[in-house]
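Here's the structure, in structure tokens; my notes come after.
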Amino acid sequence: MLTAPAQQTGGTAYTVDEDSTNDTLHQVNLDSGATVNIGVLNNPDDIEALAFSPGGTLFAANEANVLMTIDLSTGSSTTIGVFGPVFDYGGLAFDCNGNLWMTSHT
């Protein structure tokens, strides 16, 4: 199941394919619909949300309440920290001042 889409400037988006064993980062060409498998995320929990910072860094939040960055060339993640409330199928977004916002259904 593809989840957590995030669009980069231009015609490229990224999404995560969640399956029972691994989450995989994919690049999507929005003009042609072609996808490229970037790599398996080194993250044991499902990614729930993706967002690009104004500087082009891809941020992600997972179901274990971990905020991380993701390397667009390998899919490797780097943990930034753990946040408080349970994050369940919400979203991430940056505002025009570069502040990261998070929503949650719980």
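Return only the number of the condition from (1) within 22 Å of Asn99 (Cα to Cα); (2) crowded, with 16+ Cβ neighbours inside 10 Å; (3) in contact with a Gly (Cβ under 9 Å, 6 or more places away or on another chain) that Ala60 does not satisfy.
That leaves (3) as the condition not met.
Kindly provide the set of residues from region 63-77 that are surrounded by fewer than 18 Cβ atoms within 10 Å (Cβ to Cβ), within 16 Å of Tyr14 (Cβ to Cβ) and not β-branched (Val, Ile, Thr), ordered by number.
Asp71, Ser73, Ser76
When you scan region 16-24, do you find a residue that is of a type outside the set (D, E, K, R), within 23 Å of Thr103 (Cβ to Cβ) and either in contact (Cβ under 8 Å) with a residue 12 or more places away in the chain or buried (at least 18 other Cβ atoms within 10 Å of the Cβ) (or both), even just one?
Yes, region 16-24 contains at least one residue that is of a type outside the set (D, E, K, R), within 23 Å of Thr103 (Cβ to Cβ) and either in contact (Cβ under 8 Å) with a residue 12 or more places away in the chain or buried (at least 18 other Cβ atoms within 10 Å of the Cβ) (or both).
Name the residue that is surrounded by the most Cβ atoms within 10 Å (Cβ to Cβ), counting only residues in region 78-92 that are modelled with pLDDT of 90 or more and under 24 Å from Gln27 (Cβ atoms).
Per the criteria, the residue is Ile80.
Taking region 54-67 as the region of interest, how many residues are within 11 Å of the chain's Cα centre (by Cα) and either of a type in the set (S, T, N, Q) or modelled with pLDDT under 85 (or both)?
Number of matching residues: 2.
The values are calculated or read from the model by the stated rules, or taken from the named source; none is laboratory data. Keep in mind that what you see is a predicted model, and the values were worked out from it rather than measured. Methodologically, a virtual Cβ is constructed for each residue, glycine included, from the backbone with ideal geometry; neighbour enumeration extends over all protein chains shown.
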